Amino acid sequence: MNNHNSIFIHGLESSGHGFKGNYFRKYIPGILTPDLEPYMPNIAYQKLLEIRMGELNEILDQKENWNIIGSSFGGLMGALYSLKNPKNVRKLILLAPMLAVPELNPSKFNTINIPVVVYHGKNDDVISITPTKKRAGKLFSNLIYNIVDDDHMLHPTTESIKWAKLLDLKDKD
């Protein structure tokens, strides 16, 4: 059995039971895919972020040594948690992450050295690559930034990644 924990943090309008959540539950043993506070158009994203971060902290504070996979808005959440708690994070995987936002102003954080791998579709029409990549480079010193032939949803990319290898899962290939 591996000695680390894995969690998938869904995007703004998604849930832990969307395409990626279902995929990860099938291929990553024991992964958590929580349904966080639902998106409501009348709630500012900053308020939703505050609520969801409270939910996330409650889950992540129960264990250590996390593999965090965050998609879009979930990438923002995973990045925020990792920047504040780098000793609790083993690896951070970001899928089309929402990083170029005031909440992740590099002047508010020390650069962290945990392994961070980003996958960003070159056809992403939701989150722009250039400011996101620039921000990632300022926040994470151990960064691999993959620009892939995909869109914001990253469904083909999600299915093509060798997750067991990427997360160093010894007990599953």
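Selection within the stretch 138-154: residues that are more than 15 Å from the chain's Cα centre (by Cα) and over 17 Å from Lys84 (Cα atoms). The member of this set that is surrounded by the most Cβ atoms within 10 Å (Cβ to Cβ) is Asp150. Among the conditions (1) surrounded by fewer than 20 Cβ atoms within 10 Å (Cβ to Cβ); (2) within 28 Å of Pro131 (Cα to Cα); (3) in contact with a strand residue (DSSP E or B) (Cβ under 8 Å, 6 or more places away or on another chain), the only one that Met77 does not satisfy is (1). Candidates Lys133, Lys122: the one that is modelled with pLDDT of 95 or more and either surrounded by 15 or more Cβ atoms within 10 Å (Cβ to Cβ) or on the phi > 0 side of the Ramachandran plot (or both) is Lys133. Considering the conditions (1) under 17 Å from Trp66 (Cα atoms); (2) in a loop (DSSP other than H, G, I, E, B); (3) not basic (Lys, Arg), Ser82 is excluded by exactly one of them, (2). Applying the set (1) closer than 21 Å to His4 by Cα; (2) not in a strand (DSSP E or B) to Leu99 leaves exactly one unmet item: (1). Taken over the stretch 117-172, residues that are farther than 17 Å from Ala79 by Cβ and of a type in the set (Lys, Arg) amount to 5.
The values are calculated or read from the model by the stated rules, or taken from the named source; none is laboratory data. Predicted, not measured: the structure shown is a model, and the values here were computed from it. Note: ideal-geometry Cβ built from the backbone for every residue, glycine included; neighbour counts use all protein chains shown.
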